[in-house]
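Everything below concerns the one structure shown next.
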Amino acid sequence: MPNKLVWDFLPIPMQEEIETLSQTLFSSTLPWQKTIACLLLQRGIHSFKQAKEFFNPSLEQLHNPFVMKDMDRAVERILLAIKHKENILIYGDYDVDGTCSVSILYLFLSKVYPNVSTYVPDRYKEGYGISFQGIDYAVDNDVSLIITLDCGIKGHEKVQYAKGKGIEMIITDHHTPAETLPKAVAVLNPKRADCTYPYKELCGCGIGFKLIQALCKSLQLPSHTPYEFLDLVALATCADIVPITGENRVLVYFGLRQINEQPSQVMTLLLASVPPPIQVRDLVFVAAPRINAAGRMAHAQKAVDFLTQNALEEASCLEFLNHKRKGADEQITQEALEQIVSNHEEEASATVVFSKDWHKGVIGIVASRLTETYYRPTIVFTQSGDVLTASARSVKGYNLYEALCQCRDYLLQFGGHTAAAGMTLLPENYLPFKKRFQEIVAQTLPEALRKPAITLSVEMPLKEITLPFYRCLQRFAPFGPKNMTPIFLAYEVIAKNVFLMGNEGSHLRMTLTDSSLRQEFEAVGFGLGHKKSIVEKGQPFTIAYELSQNTWKGTTSLQLVIKDIMPMINMGNN
């Protein structure tokens, strides 16, 4: 039986604020205009001007790249390297953000300058970030300038090592810096304390894009030149789960437009199995795993080769690696679930599992799947040489990193943030660490965070749903973190034509109306087959739902995607 969901509300704005914005936006009275006003206010949009910009994304809304601290230094050093015919190495992380970052800067620079090459570290031999091996590679290839993308903000020692070898660095990164910055020629990171750049949430590829914009200005290239890379910027932004707000939302909006209207061969190959229109979820769940598979199962340079060469052979390689990744993911997840049951740990405060045979490249995915299954902080260990290495995932609201800090006596090293982390320890410390971690979680995980939650935006009765409302709602897209697809609440819902579908009747399909009987909607509830007894009694019930469109045999109609169902309740806006 799935975990019971907790229903939460986003903060509901003051009624006067809703009234004021509603009257400002709409010239005539519509039954749903206050709902739209409420959704905007929940997103920090309080005025007509802000709403106009939100509903009409424009490339003119992108900020001047030279406002970013050190951008002038970075551009000056790159232009100097071009002038003196230096060898430039573009160095990036092995995930989607890193490989897309490397690819767009390489594709741009190689058009204006020949002495450019790329480097992505081996996930297993070198690990995350700048490596000594990578710097030695640069030395062996007579490189005098390294530009990092999506990494390097805490690479103080590596920057000094490179400097000792006669190599200068430009660091571009979006991760939170330490109090002191690496002593590089330039450090591009909107999150550095002394940077006044207006938008702080760009991903690594987004910062790479801003560098390209700045170089285009300095080289007096057409202003539209960087826009050819918006498809990869959108892919990286969505895959890296950064907020889809402000500048990110503009980049994703136009990146998706490009992918749908003028797709590159790369995007055509990556998304061949997806029917149009391509949306954020397709980038996250279809394109991104194929790119990530290279770094997980082989070497991420294969992803860069594909993204920069558009090669069908490389696309086939990525597809093979992703298929291999899926197989390993499914097998290890099943083995981990069996281990939990055999150890009688179904009710443990946290999941900690280990096998020396598990593939290091997929343990992070497995940790996510186990978290979904049992909804508690999860750590998955495997053997890596003489030590055990792990990936960890948390539940929403629980600070995983702080819990690990209380177990540091058993760890050789660890790092991460609230939601995810990685660590290594000696084999003999596995069981003591597991016991301590589970004790810490038991003591510090609040009861309110022990069940998954869905966050509802506002009440929206079925009788008020119209096609114009749905069209207006679609203008909130692209959806993503900090701008999620709204989940609405509806009371006194009545069902008919209820039946189960899918494997073992796990999904629910039905026709819904409300007490007004004004209109009916087809509805689907994925994974809600166990709720059939609530809806088939003929009694009113309460739903949390998203609104979508469904096309069947050439006819398009509105459809409700049910997120959860409860017997008739009256929650109020609390």
Quiz prompt | Selected residue (only one of Gln406, Gln383, Gln339, Gln331 is closer than 19 Å to Glu126 by Cα and polar (S, T, N, Q)) | solution = Gln383
Practice problem: Kindly state which helices (runs of 4 or more DSSP H) lie completely within the range 388-496 and contain at least 2 residues that are among the aromatic types (Phe, Trp, Tyr) and closer than 27 Å to Met14 by Cβ. | Solution: 467-474
Quiz item: Hey, any hits in the range 285-293 for a residue that's of a type in the set (Lys, Arg) and without any contact (Cβ under 8 Å) to a residue 12 or more places away in the chain?
Solution: no
Quiz item: With respect to Thr382, is the statement that it is assigned to a helix (DSSP H, G or I), modelled with pLDDT of 95 or more and hydroxyl-bearing (Ser, Thr, Tyr) true?
Solution: no
Exercise. Could you tell me whether any residue of the range 428-445 is more than 24 Å from Glu347 (Cα to Cα), modelled with pLDDT of 95 or more and surrounded by 18 or more Cβ atoms within 10 Å (Cβ to Cβ)?
Key: no
Practice problem: Run Leu30 past the list (1) surrounded by fewer than 13 Cβ atoms within 10 Å (Cβ to Cβ); (2) more than 24 Å from the chain's Cα centre (by Cα); (3) not in a helix (DSSP H, G or I) and report the number of the one that doesn't hold. | Solution: (1)
Quiz item: Is there a residue being touching a His at 6+ places or on another chain (Cβ under 8 Å) and among the small types (Gly, Ala, Ser) anywhere in the range 198-207?
Solution: yes
Self-check item: Hits in the range 172-223 - residues which are within 20 Å of Ile241 (Cβ to Cβ), of a type outside the set (Val, Ile, Thr) and either in the same structural domain as Thr418 (by TED's automatic domain parsing) or outside any loop (DSSP other than H, G, I, E, B) (or both)
Solution: Gly204, Cys205, Gly206, Gly208, Phe209, Lys210
Self-check item: Scope the range 427-444; condition more than 28 Å from Ala178 (Cα to Cα) and of a type outside the set (D, E, K, R); matching residues
Solution: Pro427, Asn429, Tyr430, Leu431, Pro432, Gln438, Ala442, Gln443
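Taking into account only those residues within the range 111-135 that are assigned to a helix (DSSP H, G or I) and touching a residue at least 24 places away in the same chain (Cβ under 8 Å), which is surrounded by the most Cβ atoms within 10 Å (Cβ to Cβ)?
That would be Ile135.
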Quiz item: Only one residue in Ile454, Ile465 is β-branched (Val, Ile, Thr) and under 30 Å from Thr29 (Cα atoms). Which one?
Solution: Ile465
Quiz item: modelled with pLDDT of 95 or more, outside the structural domain of Leu388 (by TED's automatic domain parsing) and crowded, with 17+ Cβ neighbours inside 10 Å, is that true of Leu473?
Solution: yes
Quiz prompt | Extreme residue, farthest from Ile241 (Cα to Cα), among residues of the range 458-499 that are under 25 Å from the mean Cα position of the chain (by Cα) and among the charged types (D, E, K, R) | solution = Arg475
Quiz item: So Ala328 clears everything in (1) touching a residue at least 60 places away in the same chain (Cβ under 8 Å); (2) touching a Gly at 6+ places or on another chain (Cβ under 8 Å) except one condition, right? Which one?
Solution: (1)
Quiz item: Out of the range 124-143, which residues are closer than 18 Å to Val102 by Cβ, more than 31 Å from the chain's Cα centre (by Cα) and not small (Gly, Ala, Ser)?
Solution: Tyr137, Asn141, Val143
Quiz item: Going through the range 520-541 one residue at a time, which ones are under 19 Å from Glu504 (Cα atoms), in a loop (DSSP other than H, G, I, E, B) and either outside the structural domain of Met510 (by TED's automatic domain parsing) or not acidic (Asp, Glu) (or both)?
Solution: Phe526, Gly527, Leu528
Exercise. Please find, within the range 238-273, the residue that is modelled with the lowest pLDDT out of those that are buried (at least 17 other Cβ atoms within 10 Å of the Cβ) and farther than 22 Å from Glu53 by Cβ.
Key: Asp240
Exercise. Could you give me the residue pairs with C-beta distances under 6 Å whose first residue belongs to the range 481-495 and is assigned by TED's automatic domain parsing to the domain that holds Asn248, whose second residue is surrounded by fewer than 18 Cβ atoms within 10 Å (Cβ to Cβ) and of a type outside the set (D, E, K, R) wherever it lies, and which are 6+ apart or on separate chains?
Key: none
Quiz item: Which one of Ser557, Ser533, Ser515 is without any contact (Cβ under 8 Å) to a residue 40 or more places away in the chain and either touching a His at 6+ places or on another chain (Cβ under 9 Å) or farther than 27 Å from Leu467 by Cα (or both)?
Solution: Ser533
Quiz item: Since Val233 meets every condition but one in (1) in a helix (DSSP H, G or I); (2) out of contact with any Gly (no Cβ under 8 Å at 6 or more places or on another chain), which condition does it not meet?
Solution: (2)
Exercise. Only helices (runs of 4 or more DSSP H) wholly contained in the range 256-331 count here; list those with 2 or more residues that are more than 28 Å from Phe479 (Cα to Cα).
Key: 301-309
Practice problem: Check off (1) more than 27 Å from Ile88 (Cβ to Cβ); (2) of a type in the set (Asp, Glu); (3) touching a Cys at 6+ places or on another chain (Cβ under 6 Å) for Asp240 and give me the number that stays unchecked. | Solution: (1)
Quiz item: Restricting to the range 39-89, what's the tally of residues that are assigned by TED's automatic domain parsing to the domain that holds Arg475, among the small types (Gly, Ala, Ser) and crowded, with 18+ Cβ neighbours inside 10 Å?
Solution: 1
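The values are calculated or read from the model by the stated rules, or taken from the named source; none is laboratory data. All of these numbers come straight from a predicted model, not from anything done at the bench. Cβ sites come from the backbone with ideal geometry, for glycine too, and all protein chains shown count toward neighbours.
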